[in-house]
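Chemist: The structure under discussion is supplied below as structure tokens; questions concerning it will follow.
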Amino acid sequence: MRLLLLSNSTNHGQDYLSHARGVIGDHLDGVDSLIFVPYAMHDHDAYTEKARDAFAGWGVSVTGLHTAGDPAAAIQTAQAVFVGGGNTFRLVRRLRQDNLLMVIKDAVRSGVRYLAASAGSNIAAPTLSTTNDMPIVEPGGFGTLGLIPFQLNCHYLDADPGSTHAGETRELRLQEYLEENQGPVLALREGTYLRVISDHDQLVAEIGGTAVARRAPGPARLFSRDATREISGNVSSLFG
């Protein structure tokens, strides 16, 4: 199983996916085509064109899943699947409607490479409960792919100590989640990613990239009920 879960698809002032060019190239080594899942956005055609333009730089052709006559077969026979960002609730609703969650999960576990950003990364977790998105549609359930055994929070923002905003911080919202659910939650700052390579009984998971926020002390934080800590590098221990 090979996963590359990007916290975000675009860094400020950069082109789509360009901040992760190196690691995406490594992840797609030997791949010349992929299936793109555009369901987190409203305009599937325009979103697919955006992805097609980006992946041309890697010599990878892109087919939008929404154009496939048999979406399940398209995923099962793909070299790689890229699930784009947008609204996680909208993404999960469509995948549930088309009965594709288990299809994607089984395909990835069988060797199809999984690349994702933002909402697409969110659904690699067991549930969508730690997404930042507004529930603009009823998804039919919170359960997602469960390719990793912990929750993700993408686009993690550290609180600004100089802010006068009196509403909830991202940290507080994740603590609220942990009041009702068991953790942990891996919070990936902008510009970072989680990469997982599992081969037979060996698994290596690492956090990489560079957080773009000026005050960020590192790439990620790990939240649990009893502690919160900065985390980076090899995180294979999170997989048990």
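The values are calculated or read from the model by the stated rules, or taken from the named source; none is laboratory data. Note that the coordinates shown come from a computational prediction; the quantities given were computed from them, not determined experimentally. Backbone-built Cβ (ideal geometry, glycine too); neighbour counts: all protein chains shown. For the accessible areas, the whole protein counts, side chains as well, though only heavy atoms, and no ligand, DNA or RNA atoms are used. Shrake-Rupley method; radii C 1.70, N 1.55, O 1.52, S 1.80 Å.
Chemist: Of all the residues that make up region 219-230, how many are touching a strand residue (DSSP E or B) at 6+ places or on another chain (Cβ under 8 Å), open to solvent by less than 60 Å² (accessible area, probe 1.4 Å) and more than 16 Å from LEU5 (Cβ to Cβ)? Step through it out loud before you land on a result.
Modeler: Step one: list which residues in region 219-230 are touching a strand residue (DSSP E or B) at 6+ places or on another chain (Cβ under 8 Å), which gives 219-224, 228-230.
From what's left, open to solvent by less than 60 Å² (accessible area, probe 1.4 Å): 219-224, 228.
Then keep just the ones that are more than 16 Å from LEU5 (Cβ to Cβ); that gives 223-224, 228.
Here the count works out to 3.
Chemist: Inside region 36-85, can you point out the residues that are over 24 Å from SER110 (Cβ atoms) and assigned to a helix (DSSP H, G or I)?
Modeler: HIS44, ASP45, ALA46, TYR47, THR48, GLU49, LYS50, ARG52, ASP53, ALA54, ALA56, GLY57
Chemist: Considering only residues that are over 17 Å from the mean Cα position of the chain (by Cα) and open to solvent by 60 Å² or more (accessible area, probe 1.4 Å), which ones fall in region 60-101?
Modeler: The initial filter retains those residues of region 60-101 that are over 17 Å from the mean Cα position of the chain (by Cα), namely 60-79, 96-99.
SER61, THR63, THR67, GLY69, ASP70, GLN76, THR77, GLN79, ARG96, GLN97, ASN99, listed by residue number.
Chemist: Take GLY233 and decide whether it is of a type in the set (Gly, Ala, Ser) and either on the phi < 0 side of the Ramachandran plot or open to solvent by less than 60 Å² (accessible area, probe 1.4 Å) (or both).
Modeler: Working: of a type in the set (Gly, Ala, Ser): yes; either on the phi < 0 side of the Ramachandran plot or open to solvent by less than 60 Å² (accessible area, probe 1.4 Å) (or both): yes.
Judged against the criteria, GLY233 is a match.
Chemist: Contact list please: Cβ distance under 8 Å, first residue in region 124-143 and over 22 Å from ARG109 (Cβ atoms) and touching a residue at least 40 places away in the same chain (Cβ under 8 Å), second residue part of a loop (DSSP other than H, G, I, E, B) and aromatic (Phe, Trp, Tyr), pairs at least six apart or on different chains.
Modeler: SER129/PHE142
Chemist: Does SER232 satisfy the condition of being modelled with pLDDT of 95 or more, over 20 Å from ALA117 (Cα atoms) and not aromatic (Phe, Trp, Tyr)? Let's see the steps before the verdict.
Modeler: Working: modelled with pLDDT of 95 or more: yes; over 20 Å from ALA117 (Cα atoms): no; not aromatic (Phe, Trp, Tyr): yes.
The answer is no for SER232.
Chemist: Working only within region 2-19, note down all residues that are open to solvent by less than 50 Å² (accessible area, probe 1.4 Å), within 17 Å of ILE207 (Cβ to Cβ) and in contact with a helix residue (DSSP H, G or I) (Cβ under 9 Å, 6 or more places away or on another chain).
Modeler: Within region 2-19, the first condition is being open to solvent by less than 50 Å² (accessible area, probe 1.4 Å), and the residues that meet it are 3-9, 11, 16-19.
Narrowing the set further to residues that are within 17 Å of ILE207 (Cβ to Cβ) leaves 3-8, 11, 19.
Once the filter is applied, which keeps residues that are open to solvent by less than 50 Å² (accessible area, probe 1.4 Å), within 17 Å of ILE207 (Cβ to Cβ) and in contact with a helix residue (DSSP H, G or I) (Cβ under 9 Å, 6 or more places away or on another chain), region 2-19 yields LEU3, LEU4, LEU5, LEU6, SER7, ASN8, ASN11.
Chemist: State all residues of region 50-59 that are aliphatic (A, V, I, L, M) and either exposed (fewer than 13 other Cβ atoms within 10 Å of the Cβ) or free of Cβ contacts under 8 Å to residues at least 12 places away in the same chain (or both); if no residue qualifies, say none.
Modeler: The answer is ALA56, and nothing else.
Chemist: Further question: Return yes when GLY30 is part of a loop (DSSP other than H, G, I, E, B) and open to solvent by 10 Å² or more (accessible area, probe 1.4 Å) and no when it is not. Walk me through how you get there before you give the answer.
Modeler: Working: part of a loop (DSSP other than H, G, I, E, B): yes; open to solvent by 10 Å² or more (accessible area, probe 1.4 Å): yes.
Yes; evaluated as a whole, the condition is true for this residue.
Chemist: Sticking with this structure for a sec: Does region 221-230 contain at least one residue that is closer than 28 Å to TYR16 by Cβ, among the hydrophobic types (A, V, I, L, M, F, W, C) and in contact with a helix residue (DSSP H, G or I) (Cβ under 6 Å, 6 or more places away or on another chain)?
Modeler: Our first condition is that a residue be closer than 28 Å to TYR16 by Cβ; within region 221-230, this holds for 221.
So of that shortlist, the ones also among the hydrophobic types (A, V, I, L, M, F, W, C) come out as none.
Checked region 221-230: no residue is closer than 28 Å to TYR16 by Cβ, among the hydrophobic types (A, V, I, L, M, F, W, C) and in contact with a helix residue (DSSP H, G or I) (Cβ under 6 Å, 6 or more places away or on another chain).
Chemist: Cβ-Cβ under 6 Å, sequence separation 6+ or interchain: first residue in region 189-205 and touching a residue at least 60 places away in the same chain (Cβ under 8 Å), partner open to solvent by 10 Å² or more (accessible area, probe 1.4 Å) and among the basic types (Lys, Arg). Which pairs?
Modeler: From region 189-205, the pairs are ILE197/ARG2.
Chemist: Between residues in region 164-180 that are of a type in the set (Lys, Arg) and residues that are part of a loop (DSSP other than H, G, I, E, B), which pairs lie under 6 Å by C-beta distance while being six or more apart or on different chains?
Modeler: Taking only residues 6 or more apart or on different chains, the pairs are ARG170/LEU157.
Chemist: Further, regarding this structure: Restricting to region 93-118, name every residue that is more than 18 Å from GLY64 (Cβ to Cβ) and part of a helix (DSSP H, G or I).
Modeler: ARG96, LEU101, MET102, LYS105, ASP106, VAL108, ARG109
Chemist: Still on this structure: Residues being of a type outside the set (D, E, K, R) and in a strand (DSSP E or B): count how many of those fall in region 219-228. Walk me through how you get there before you give the answer.
Modeler: Initially, region 219-228 is screened for residues of a type outside the set (D, E, K, R), giving 219-220, 222-224, 227-228.
Checking the rest, the ones that are also in a strand (DSSP E or B) come to 220, 222-223, 228.
The number of residues fulfilling the criteria is 4.
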